[in-house]
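A short write-up of the structure that comes next.
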Amino acid sequence: TTQKIMLMVVLALVPSIIAGTVFFGPRALFLVVFCAVVSMFTEFVCRKLMNKESTIADGSAMLTGVLLALNLPATLPLWQAAIGCIFAIAVVKQLFGGLGCNFANPAITGRIFLLLSVGSDMTSWVKPFYYLDAPALGLFETTGSQALDGLTGATPLASGDAGLMELFIGNVGGSIGETSALAILIGGIFLIAAKLIHPSTPAAYLGSLAALTFVQVLVTGGEMTEVLYALLSGGVMLGAFFMATDYVTSPMSNCG
């Protein structure tokens, strides 16, 4: 059933949620729950306004909220996260007819909308374990707090100074669920083993990036480790296993 599939995907995201909570504190976990609740509430309201049967029980709105939260900085203001959830559910999903009719993945589109709307807050990253250096920070603190001024840093995609092992484990700056390749791989392998996704999609996604980076290395005379660096940094792994594999928007054949 749709509900079982959605819940299984949420289960596959649990390792990433745990990793995000460890590296970025309870604020990260709170943001995940907050986005899930706002997304489900938005879907409930939309279906009511359209006089259609409620679909929040199928779990798709909850999954959208969780995925969107994992694509956000842990310190993003809650009202901005809520706007991203509303855009993802109301505009990208429900206005196009609901689950199965959306033209793009709602979660990633919500991230893009926020990146264009509040780019400064969407690109303000905190360093891993920042909450241990500033224990007074609560769940509602935002990047505008003076307490965070000395705790921010660039993502490894921008700085290029993180080690490959740090990237693999996730001990780097970035969005809540994108930093730990290990956690994402655990969830991705679970989805493949459960036959909920086909490995051809993440293989094509990651393989394309690896091939193009390899060509770049040959042309520029760089090091081969740059290929691994490209695969492990940014939101590549999260996108490969949890967004490119979206049933609604992914190709219907291996050749596709």
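The values are calculated or read from the model by the stated rules, or taken from the named source; none is laboratory data. Only a predicted model underlies this, so the values are computations on that prediction, with no experimental measurement involved. Backbone-built Cβ (ideal geometry, glycine too); neighbour counts: all protein chains shown. Each accessible area value is taken on the protein alone, full model and side chains, heavy atoms only, with ligands, DNA and RNA left out. Shrake-Rupley method; radii C 1.70, N 1.55, O 1.52, S 1.80 Å.
Every residue, every condition in (1) in a helix (DSSP H, G or I); (2) of a type outside the set (Lys, Arg); (3) in contact with a strand residue (DSSP E or B) (Cβ under 7 Å, 6 or more places away or on another chain), yes or no:
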site: 177; (1), (2), (3): no, yes, no
site: 182; (1), (2), (3): yes, yes, no
site: 185; (1), (2), (3): yes, yes, no
site: 195; (1), (2), (3): no, no, no
site: 205; (1), (2), (3): yes, yes, no
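Conditions (1) among the basic types (Lys, Arg); (2) farther than 20 Å from residue 166 by Cα, marked per residue:
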| site | (1), (2) |
| --- | --- |
| 17 | no, no |
| 27 | yes, yes |
| 39 | no, yes |
| 45 | no, yes |
| 52 | yes, yes |
| 57 | no, yes |
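Would you please list the contacts, defined by Cβ atoms under 7 Å and residues six or more apart or on different chains, that run from a residue in region 1-29 that is closer than 23 Å to residue 236 by Cα to a residue that is part of a helix (DSSP H, G or I) and open to solvent by 80 Å² or more (accessible area, probe 1.4 Å)?
15/186
If residue 143 passes every condition in (1) modelled with pLDDT under 90; (2) in contact with a helix residue (DSSP H, G or I) (Cβ under 8 Å, 6 or more places away or on another chain); (3) open to solvent by 60 Å² or more (accessible area, probe 1.4 Å) but one, which one does it miss?
(3)
Given the criteria crowded, with 19+ Cβ neighbours inside 10 Å, of a type outside the set (Asp, Glu), within 30 Å of residue 8 (Cβ to Cβ) and at pLDDT below 90, does residue 201 qualify?
no
Being in contact with a helix residue (DSSP H, G or I) (Cβ under 7 Å, 6 or more places away or on another chain) and closer than 20 Å to residue 236 by Cβ narrows it down to one of 61, 90, 74, 82, so name that one.
Going through 61, 90, 74, 82 in turn, just one is in contact with a helix residue (DSSP H, G or I) (Cβ under 7 Å, 6 or more places away or on another chain) and closer than 20 Å to residue 236 by Cβ: 74.
Do we find a residue being modelled with pLDDT of 95 or more, over 21 Å from residue 9 (Cα atoms) and polar (S, T, N, Q) anywhere in region 49-71?
The answer is no; no qualifying residue exists.
When you scan region 208-256, how many residues do you find that are of a type in the set (D, E, K, R) and either open to solvent by less than 30 Å² (accessible area, probe 1.4 Å) or closer than 26 Å to residue 176 by Cβ (or both)? Break it down into steps so the answer makes sense when it comes.
Residues of region 208-256 of a type in the set (D, E, K, R): 223, 226, 246.
Still in the running and either open to solvent by less than 30 Å² (accessible area, probe 1.4 Å) or closer than 26 Å to residue 176 by Cβ (or both): 226, 246.
Total meeting the criteria: 2.
Mind counting the residues in region 73-108 that are part of a helix (DSSP H, G or I), open to solvent by less than 20 Å² (accessible area, probe 1.4 Å) and of a type outside the set (A, V, I, L, M)?
So the count comes out to 6.
Restricting to region 157-197, and then to whatever is of a type in the set (D, E, K, R) and surrounded by fewer than 18 Cβ atoms within 10 Å (Cβ to Cβ), can you tell me which residue is farthest from residue 213 (Cα to Cα)?
In this case the residue turns out to be 195.
Is there any pair linking a residue in region 88-117 that is free of Cβ contacts under 8 Å to residues at least 24 places away in the same chain and farther than 12 Å from residue 68 by Cβ to one that is open to solvent by less than 50 Å² (accessible area, probe 1.4 Å) and among the β-branched types (Val, Ile, Thr), with Cβ under 9 Å and at least six apart or on different chains, and which?
Taking only residues 6 or more apart or on different chains, the pairs are 91/109.
Give me the residue from region 25-72 that is open to solvent by less than 10 Å² (accessible area, probe 1.4 Å) and not in a helix (DSSP H, G or I) and, out of that set, farthest from residue 130 (Cα to Cα).
59
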